[in-house]
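Take a look at the structure below.
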Amino acid sequence: MRLLVIGPHFPPDVAPTGEVLGGIVGGITDAGHRVDVVTSLPWYLRNRVEPEWSGRLARTETVDWGKITRLHPFPTDKRNVPARALAFGAFTIEASVAALRGPRPDGVLVMSPPLSLAEAGWVAARRWRVPFVFNVQDIFPDVAIAVGSLTNERIIRVARTVERQCYRRADAVTVLSQELAANVTAKLEASGAGHGTEVRVIPNFVDCEAIRPGPRDNGYRRELGLGDETVVMYAGNIGFSQSVELLVEAARRMTDRDDVVFVVNGGGSGRAELERRAEGLPNVRFVGYQPAERLPEVLAAADLHVVPLRRGLGSSSVPSKLYSILAAGRPVLASIDPGTEVSRVLETAGAGVSVAPDDQGAFDRALGEMLADRETLAEQGRSGRTFVEKWLTPTAAAAAYVELFQEMQARRRGER
């Protein structure tokens, strides 16, 4: 089987969605299938095309398992919604043209966001008359509305119309959790297209071979000048969706403790404001994104990781960092909607504590209780590792996609 895969990021780009897509493609090609990838030039780290990739609007490379076409993403300020929409539109046009120039695939897989990439997948699938699978990592516009970056009612109505159209045009929509599946299914049924598109849950995976529990006393800690202090860490994107200010305000309340250090490892549109809020706090350290191969070391350096997601986002987004943290054998304090994927996993795995989103008091109390019991912290870390060892692997996730395409191909042959 030969698949056409379209996504916003792909290794060596360090975006989480790129890592996920890379793992899926790797699993598919390891199983002997061919894949042609259409993606962007690497740009996630600095919100601009990396110097070694600049100078050309497109680059194509042939690899053992297929072809990778990288296109200019037209990076813009993430806070400028109209500019981002134009950039997504331009990238989608590029991707559509590139998808039509390749060899005939047996199926098309598209990863979002951006939502507009579904159009590129639909165009290619129609051209080649093959199944189209639309993978939704975060549900747009729900996320943008929840964080307040999209408020214009007219634009929201347009975005919701486009969203429903994207779902209807796909043969199948894959999502990361039952909450996301219910969200998408409800919108399909409301649009009268509930029976035309299959909605299937294929959770994001974790590579327990690549990410293992490691020593907390490592090179990353030493670079920060840390010794045996307890490290509370947030690692990931700092944007509209993540309420990382909870960490900074907790640090403000704990300046009297010289045995606890708060580390923010990452970047994004909200980092400058977060650094401003943390100005003068001696117990807060900011560190930029690290190379992907250093992720196990970064995760191992912390004694406790924080996963904060703003109120209302639990049913439209699943932070993939959760599974990597658990694979590293570290406990989690989550600030997230109750009863959603993250809180359910932590409870089932016994791998940490979940509190209501955007509640500083609840966050501070839970943090204090967790830091007071180091033995329980260690046990939660071990429990999390045990849990994810039974979780979906990259190979299993890829196999689920291959099986889905084979089912749809068989269904089409039967209909004919």
Check: Can you pull out the residues in segment 10-33 that are part of a helix (DSSP H, G or I) and among the hydrophobic types (A, V, I, L, M, F, W, C)?
Finding: V20, L21, I24, V25, I28
Note to self: Can you tell me which of (1) touching a helix residue (DSSP H, G or I) at 6+ places or on another chain (Cβ under 6 Å); (2) assigned to a strand (DSSP E or B) is the one D36 doesn't meet?
What the structure shows: (1)
Item checked: Number of positions in segment 282-296 that are in a strand (DSSP E or B) and farther than 18 Å from I325 by Cβ -> 3
Margin query: Given the options G26, G66, G32, name the one that is within 17 Å of A95 (Cβ to Cβ) and at pLDDT 95 or above.
Written below: G66
Next item on the list: Would you be able to tell me the number of residues in segment 236-292 that are without any contact (Cβ under 8 Å) to a residue 60 or more places away in the chain and of a type in the set (A, V, I, L, M)?
Entry: 12
Checklist line | Residues of segment 45-77 that turn out to be of a type in the set (A, V, I, L, M), open to solvent by less than 40 Å² (accessible area, probe 1.4 Å) and assigned to a loop (DSSP other than H, G, I, E, B), as a count | finding: 1
Next item on the list: State whether one or more residues within segment 301-312 are among the charged types (D, E, K, R), under 29 Å from E163 (Cα atoms), in a loop (DSSP other than H, G, I, E, B) and modelled with pLDDT under 95.
Entry: yes
Note to self: On the basis of being in contact with a His (Cβ under 9 Å, 6 or more places away or on another chain), aliphatic (A, V, I, L, M) and under 24 Å from E19 (Cα atoms), does L333 make the cut?
What the structure shows: yes
Notebook entry, point to check: Could you list, in sequence order, the residues of segment 142-188 that are open to solvent by 60 Å² or more (accessible area, probe 1.4 Å), more than 25 Å from V402 (Cβ to Cβ) and basic (K, R)?
Noted result: R154, R157, R160, R164
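Tally time: how many residues in segment 67-89 are in contact (Cβ under 8 Å) with a residue 60 or more places away in the chain and touching a strand residue (DSSP E or B) at 6+ places or on another chain (Cβ under 6 Å)?
Counting residues in segment 67-89 that are in contact (Cβ under 8 Å) with a residue 60 or more places away in the chain and touching a strand residue (DSSP E or B) at 6+ places or on another chain (Cβ under 6 Å) gives 2.
Here is a check on your reading of the model: is G384 of a type outside the set (D, E, K, R), within 20 Å of the chain's Cα centre (by Cα) and in a helix (DSSP H, G or I)?
yes
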Checklist line | Count - residues of segment 361-381 that are surrounded by 18 or more Cβ atoms within 10 Å (Cβ to Cβ) and more than 26 Å from the chain's Cα centre (by Cα) | finding: 2
Check: In segment 1-33, how many residues are in contact with a helix residue (DSSP H, G or I) (Cβ under 9 Å, 6 or more places away or on another chain) and open to solvent by 50 Å² or more (accessible area, probe 1.4 Å)?
Finding: 6
Item checked: Test: residue in segment 98-119 that is modelled with pLDDT of 90 or more, over 30 Å from R412 (Cα atoms) and surrounded by 14 or more Cβ atoms within 10 Å (Cβ to Cβ) -> no
Notebook entry, point to check: Restricting attention to segment 337-356, and to residues there that are over 13 Å from A366 (Cα atoms) and outside any helix (DSSP H, G or I), which single residue is farthest from the chain's Cα centre (by Cα)?
Noted result: G350
Note to self: Looking only at segment 120-141, filter to residues that are outside any loop (DSSP other than H, G, I, E, B) and β-branched (V, I, T); which one of those is most open to solvent (accessible area, probe 1.4 Å)?
What the structure shows: V123
Check: Looking at segment 160-183, is at least one residue hydrophobic (A, V, I, L, M, F, W, C) and free of Cβ contacts under 8 Å to residues at least 12 places away in the same chain?
Finding: no
Check: Which of the residues that make up segment 110-159 are acidic (D, E) and without any contact (Cβ under 8 Å) to a residue 60 or more places away in the chain?
Finding: E119, E153
Next item on the list: Scan segment 35-64 residue by residue and report those that are among the hydrophobic types (A, V, I, L, M, F, W, C) and in contact with a strand residue (DSSP E or B) (Cβ under 6 Å, 6 or more places away or on another chain).
Entry: V35, V37, V38, L41, A58
Margin query: Checking K321 against (1) open to solvent by 60 Å² or more (accessible area, probe 1.4 Å); (2) among the basic types (K, R); (3) at pLDDT below 95: exactly one of these is not met. Which one?
Written below: (1)
Check: Which residues, counting only those in segment 387-406, are part of a helix (DSSP H, G or I) and either farther than 20 Å from G196 by Cα or open to solvent by 60 Å² or more (accessible area, probe 1.4 Å) (or both)?
Finding: F387, V388, P394, T395, A396, A397, A398, A399, A400, V402, E403, Q406
Next item on the list: For residues that are crowded, with 23+ Cβ neighbours inside 10 Å and of a type in the set (V, I, T), scanning just segment 324-351, find the one that is farthest from R221 (Cα to Cα).
Entry: T340
Check: Has segment 196-214 got any residue that is open to solvent by less than 50 Å² (accessible area, probe 1.4 Å), more than 30 Å from E369 (Cα to Cα) and over 23 Å from the mean Cα position of the chain (by Cα)?
Finding: yes
Check: E249 is checked against (1) out of contact with any helix residue (DSSP H, G or I) (no Cβ under 7 Å at 6 or more places or on another chain); (2) under 25 Å from I336 (Cα atoms) and fails just one. What number does that condition carry?
Finding: (1)
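The values are calculated or read from the model by the stated rules, or taken from the named source; none is laboratory data. Computed from a prediction, not measured in an experiment: that's the story for all the values here. Here the Cβ is made from the backbone with ideal geometry for all residues, glycine too, and neighbour counts use every protein chain on show. We work out accessible area using only protein heavy atoms, side chains counted, and drop any ligands, DNA or RNA first. Shrake-Rupley method; radii C 1.70, N 1.55, O 1.52, S 1.80 Å.
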